[in-house]
Structure formats: C-alpha cells, structure tokens
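Colleague: Provided herewith is a single structure, encoded as structure tokens, for subsequent inquiry.
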Amino acid sequence: MAKAKTCLFFVVDGEKLEAQACLLAASIRRHMPAGTPVIAYHRQDYALSDFVQGFLKRCKVKLVPLPGTGPDDHNPWSRHWPVGNKMLAKAQRRECDISVYLDTDMVLRQPVDFAGELGDGEVLACTADYIFGPLSTPEAWTKIYTYFGMDLPEERVAMLAGRKLELPPYFNGGFCIFREGPIGKDGVHFGEAWLADCLRIDHHPAFADEREGLDQTLYPVTIKRIGAKLTQGRQAINFNVQAHGLPSGAEVAIAHYHAFGVIMRHHPKIGFEALDNIVALFGKTVAADYIARYREVLAWDNRKQIVPGLFGRYLADGKLKNLSDLASVHGSDKGPAKHRYTELYQMLFWPYAGRKINFLEMGLLIGGPEHAVDADRETRDVPSIRMWLDFFDKAMIHGLDVSDFSWFSHERFAFFRCDMDLRENIRAAADRMPAMDIIVDDASHASHHQQFGFLELFPRLKSGGLYIMEDLRWQPNMMERDRFTKTGDLVEEFQTARKFRHSDPDIAAELNSLIPDISACFVFQENYDRTARNQVAVIHKR
C-alpha cells in the first residue's frame, strides 16, 4: 500500500507572521523528510517582503496567494476578521492525501509522522486550552447545535488550562490534520465544509456573541455535522508553551508559543532551537540576516529577553561556553531560570573544561520517586547531561539514576541504573566506574540517599576532586527516614565544629573517618540569597 502523501500548510500575513513563518519553515525543513510539500498561503492585497519570499523559497516552501483576497475582491466575512485567512486556506484543495494546518506561531522540535497520528481517522483535533466567547457551559452550546439540526453531544472534554471547564468537544483551531478526499457521510471536503459553517454563523444576526473564536467553535460542530471519523490528537503535537510552560522531560513535538516573548524570554530553549534551525540549514549569515530584518518584531533589543544574548554569543564564538547559557539552552533547572547553581559551577569547573576528566551526576531528570512517580517512568530528556557534555568537551560524563536513561547514547556518556536506598547498590555501581574528578548529587535529595552516596563515592573521588550535594534543604517527606539526621544539618555542623554529628553512631563514625581527606567544605544558598537556607554543599578532597 502506497504511503499517504502529506502536505503541510500555514498562512503568512503581516510582518509578525513573516518572522514566525521563517522559524516554522526552518523547523519543518530540519525535522521533516526533504520531499515533504509545504505551502505558505498569503493574501493578495499584502505584499510579502523580499526577505520572507527568499527565505521560504530556500526552505522549499511554495507561496500560494489566497483566492478572493485581492484589493477589489468582496470580503466574505461580515466584519474584518484576520483569522478568517486561515479558514480560507483550510478550504483550498491540495494535491495530497492528508493536509496538516499549522498556526504560524508553531515550531517543530522533532520529526512527526502526521499520517500515523491521524491513523484511520478522517480528522485529527486537539483539545483546546481555553474557551473563547460565551460558550463556557455545556448548555450554552445547545443554541449552536440546534441551529445545525443536531443534539448536543453527550461526551465532554476538559480544557487543558484556564478554569478546567468540562465542555462538549472543543478543539484548538490552530492545528488540524484532515484527509483531502471526500470524507464523512456525504463525502465532502472538510476545509470547505468548515468554512461554510463559519460563514453561516458569521452572517447570522442571532449569533453575534458566538463569533469570537468562530473557527474553534465550529470545529467540532462541522466534524459532527458531516459525520467525519475523529482522532483525538496528543497534546505533544500541539503543545501550548504559553499556557503550560516547558516541563523538563515532557514530550513537546510541536511547540505552539503564541508570542515571541514566550520563547525569547520565558522559555529560551525553544527560541534558541528555532533560531539554530536556521544556522543548521543555511549558516550563520542567513541567521544574522533574519535577526536584522525582524529585529523589532522579535524585540531583540529588549533587555529582558534572554535569547538575543545567548544567540549573539553563539554566532560570535561558534559555541556557548558559559554554563548558565548552556543551562538555558538545554532546559536545566540548575541555570538562571531557577536555582542559578551554574554561576557557582562556572567558577568551580572552568579549570576542568578542556581536560579529559571523569564526571558523575546522580539524578538526571526531575519527576521520579521523589515526586511520588514510579521509578519505571518513561524518560525523554537529560537536560543537565547535555549541558555537561557541551561544557566538558573532552570529559567522560557518567550518569546514575533510579529510572532508566539507557536510551541516551553518546560516545562520552555512560549510564548506571541504581536505587540509592541501599548502599550496596551504590557500591556495586561505583565498582563499575573509574575514579571521578567531580561528583554532583542531584538525585532524590532524601537524606539517607545523599549520605549513602557520599560514604560510598567520596573515598573513590580523586585527590583534588570536588563532591557537590544540591538541594540540602529540600527533602521528599515520604522518603525521609524517621529520626535520621538531615544532610543540611550534618554539613552545617561540620562547618562550625569540624565534626559530623549523626543520630546513627555507626554513620557518624564512618563520616568522621573521612575528615582527614576533606580539605574544605563550603555551603551556598539558592540564588545566592543570604537570607535563604543553604542549598548547595561543595566539599573538596585533599
């Protein structure tokens, strides 16, 4: 059976959408197969800039004017509605089996099998995050369905953000997949049917309030009216970054960011990736030209934006060298977005940056048993490991975690799965490792895990090495052992008395036996706030 031909399309209209279209097109070309057809629709009465025309052609995007949008053409809508352009685009016929509409404020972060996502359905839709207009109760939808001669659907969907409303099916109109051929009980073109329904409501005087978010309002109505087979889309292929952020490790195949500030300031990882697609495809000069052309739209000179500084240093130096920059790019919470530990680590680790050292991090991704999540959870990212690999470009990086990260492959990375609740597990893992130059404990933060790790691994640390324990004052209560000395108390006591005091005499004796090998111990606060509790311990070995 021949593979379904898939066509991606979007709308470019106005300078902001031009800037977004470049990022979207570059992300498509970087992640999708080379032959994937892509169309950019544009109004005839808007003159696309020479830059965007040239850029989209570089990305092998076909520019297609929307019929009926010339300066002398009749406006089919009862009022000015720029969003109506995407409805006109959806109604166009394309020479493919499956059409994929993408809002221009989206970027692909990985290859997506759109035909596979659609499966045996005729239309794929993703649940919306917010409700538009007055349709915030199930009863309010009765008027719309009655007008089209249908009963109100019994099924309900939960909004993914906002007030968590339970409503009849309500989908995000900024992303959809549908079959181009005749579908539904009457064999119609979905885009044409959707547009026709929108125009009926738009021109009907009884539906003045319902016009807000008209395309999304009519999306499920048209699907039901024509009897199309629906596939419920995954959030990952239309992930609203503005509403949900970018949680570490979450699968975000397509980021829907809505505003440049979201990816230039609040979630710089997405913004940097989007710009880096241009560099990867066409080189630094084209990326610099893009920035120069859309500098104002991107708010590039706004001092609150994070990406401009990051990307400027990247273009100038060819790579990012500062750990805080790398943390922002890879999404590590050790960086400026949260803990700011990287400012300390930049000073401590810089002498090691170009050396062939052995580095170990324990705890590779937030959200494991310390947050009441099963250790066998699915893991999809290793933010800080990626950061360490970039920073220590000659080092062998080792990772230890209770969850499985063996899927991550790199010639300078070795993974060890280990439940730190038992010392013998840590000892067995350590027996398979070389002596380390630097060890960072960012695992569960349970006190006994931190101390078992220190007792087993500090003796194996090289002379002159650094042992670091993060989040001294954040312990998961459900994992803490009764009357077991907190690691934060243990370290602070050592600083003042040069002695370890512990509720368990055997552990106290073992810890104190290590004192001759400790040349110094320092503690630091998160964000270096002197009024805050100590969170990071740095222990130097003689």
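The values are calculated or read from the model by the stated rules, or taken from the named source; none is laboratory data. All figures in this text were calculated on a predicted structure; none of them were measured in a lab. When we count neighbours, we look across all protein chains shown, and the Cβ atoms used for this are built from the backbone with ideal geometry, even at glycine. Just so you know, the surface numbers come from the protein's heavy atoms only, side chains and all, with ligands and any DNA or RNA stripped out. Shrake-Rupley method; radii C 1.70, N 1.55, O 1.52, S 1.80 Å.
Colleague: Report ³J(HN,Hα) in whole Hz for each residue of the stretch 309-320, in order, from the Karplus equation J = 6.51 cos²θ - 1.76 cosθ + 1.60 where θ = phi - 60°; Gly and Pro get x.
Modeller: Once θ is set to phi - 60°, the couplings for the stretch 309-320 become x, 4, 6, x, 5, 5, 5, 6, 9, x, 7, 8 Hz.
Colleague: A follow-up question, please. To check you understand DSSP bridge types, tell me what percent of the beta bridges within the chain (both residues inside) are antiparallel, rounded to 5.
Modeller: Numbers: 25 of 61 bridges.
Bridges in the chain that DSSP calls antiparallel: roughly 40 percent.
Colleague: Could you work out how far apart the two model spin labels at GLN525 and ASP72 are, taking each label as a point 7 Å from the Cα in the direction of the beta carbon, and quote it in nm?
Modeller: The answer from the label model is 7.2 nm.
Colleague: Okay, next question. State the percentage of accessible surface on the stretch 394-542 attributable to carbon and sulfur atoms; use a 1.4 Å probe and exclude ligands, DNA and RNA.
Modeller: On the way: 3210 of 6750 Å².
Roughly 48 percent, rounded to a whole number.
Colleague: No partner Cβ under 4.7 angstrom, meaning no disulfide-compatible partner by this rule: which Cys of the chain qualify?
Modeller: CYS22, CYS59, CYS126, CYS176, CYS198, CYS418, CYS521
Colleague: Let me ask something else about it. If you roll a 1.4 Å probe over the heavy atoms of the protein chains, what accessible area per residue do you get for the chain, in Å²? Don't skip to the end; give the middle numbers.
Modeller: On the way: 22960 Å² over 542 residues.
Accessible area per residue: 42 Å².
Colleague: With θ taken as phi - 60° and the coefficients 6.51, -1.76 and 1.60, list the Karplus ³J(HN,Hα) couplings across the stretch 63-68 in order, rounded to whole Hz; mark glycine and proline as x.
Modeller: 8, 10, x, 6, x, x
Colleague: Here is a follow-up. What are the ³J(HN,Hα) values, in whole Hz, obtained from phi via the Karplus relation 6.51 cos²θ - 1.76 cosθ + 1.60 with θ = phi - 60°, for each residue of the stretch 495-505 in sequence order, with x given for Gly and Pro?
Modeller: Whole-Hz 3J(HN,Hα) from phi for the stretch 495-505: 5, 8, 10, 6, 7, 8, 10, 9, 5, 9, x.
Colleague: Ignoring ligands, DNA and RNA, what percent of the 1.4 Å accessible area of the stretch 87-202 is carbon and sulfur? Walk me through the numbers on the way to the answer.
Modeller: Numbers: 2180 of 4410 Å².
Answer for the stretch 87-202: carbon and sulfur cover 50 percent of the accessible area.
Colleague: For a test of the definition: using alpha carbon positions, the gyration tensor, and the 1.5 limit on a/c, classify the stretch 412-542 as rounded, prolate or oblate.
Modeller: Details: a/c = 1.29, a/b = 1.20, b/c = 1.07.
Since a/c stays below 1.5, the shape of the stretch 412-542 is classed as rounded.
Colleague: Still on this structure, please answer the following. Roughly how far apart, in whole Å, are the Cα centres of the stretch 65-96 and the stretch 292-341?
Modeller: Value for the Cα centre distance between the two parts: 38 Å.
Colleague: Just check the stretch 104-186 against the gyration tensor rule for me: Cα atoms, a ≥ b ≥ c as the square roots of the eigenvalues, rounded for a/c under 1.5, and otherwise prolate or oblate depending on whether a/b exceeds b/c. Provide the component values of the computation, followed by the final result.
Modeller: Details: a/c = 2.42, a/b = 1.31, b/c = 1.85.
Taking the square roots of the gyration eigenvalues as a ≥ b ≥ c, the stretch 104-186 is oblate.
Colleague: Roughly how tilted is helix 214-226, in degrees to the nearest 10 and between 0 and 90, from the longest Cα axis of the chain?
Modeller: Value to nearest ten degrees: 70.
Colleague: Return the FRET efficiency for the residue pair ARG542, ASP276: r is the Cβ-Cβ distance, R0 is 41 Å, and the value is rounded to the nearest 0.05.
Modeller: Numbers: r = 43 Å, r/R0 = 1.05.
About 0.45, to the nearest 0.05.
Colleague: Related question: Figure the gain on full extension for TRP474 and LEU63 (residue separation times 0.36 nm, minus the Cα-Cα span) and round it to one decimal in nm.
Modeller: Details: separation 411, 0.36 × 411 = 147.96 nm, distance 5.41 nm.
Once the chain is fully extended between TRP474 and LEU63, it gains 142.5 nm.
Colleague: Amide H of SER503 versus every other amide H placed in the peptide plane: which residues, excluding those fewer than 5 positions away on the same chain, fall under 5 Å?
Modeller: Residues meeting the criterion, in which the H sits 1.01 Å from N, are THR485.
Colleague: While we're looking at this one, here's another question. How much mean residue ellipticity at 222 nm does the chain get from its helices, if each DSSP H run of length 4 or more adds -39500 (n - 2.57) and you divide by all residues, to the nearest 500 deg cm²/dmol? The partial results should precede the final answer.
Modeller: Values: 18 runs with 176 residues, N = 542.
Mean residue ellipticity at 222 nm (helix-derived): -9500 deg cm²/dmol.
Colleague: Which pairs, out of LYS143/LYS224; LYS3/LYS90; LYS334/LYS499; LYS185/LYS229; LYS269/LYS334; LYS57/LYS319, put more than 18 Å between their alpha-carbon atoms?
Modeller: Numbers: LYS143/LYS224 15 Å; LYS3/LYS90 22 Å; LYS334/LYS499 29 Å; LYS185/LYS229 9 Å; LYS269/LYS334 14 Å; LYS57/LYS319 28 Å.
Table pairs above 18 Å Cα-Cα are LYS3/LYS90; LYS334/LYS499; LYS57/LYS319.
Colleague: Hey, any idea what % of the stretch 274-375's accessible area is carbon plus sulfur with a 1.4 Å probe? Before the final figure, lay out each step's value.
Modeller: Numbers: 2360 of 4530 Å².
The value for the stretch 274-375 is 52 percent carbon and sulfur by accessible area.
Colleague: Same structure, new question: Grab the Cα-Cα distance for ASP390 and PHE51, subtract it from 0.36 nm times how many residues apart they are, and report the gain in nm with one decimal. Numbers along the way, then the final one.
Modeller: On the way: separation 339, 0.36 × 339 = 122.04 nm, distance 3.32 nm.
Here the segment from ASP390 to PHE51 would lengthen by 118.7 nm.
Colleague: Now for a different question. How far, in nm, would the chain grow between GLU166 and GLU411 when pulled straight, counting 0.36 nm per residue and subtracting the alpha carbon separation? Mind dumping the intermediate values first?
Modeller: On the way: separation 245, 0.36 × 245 = 88.20 nm, distance 4.84 nm.
Taking GLU166 through GLU411 to full extension adds about 83.4 nm, to one decimal.
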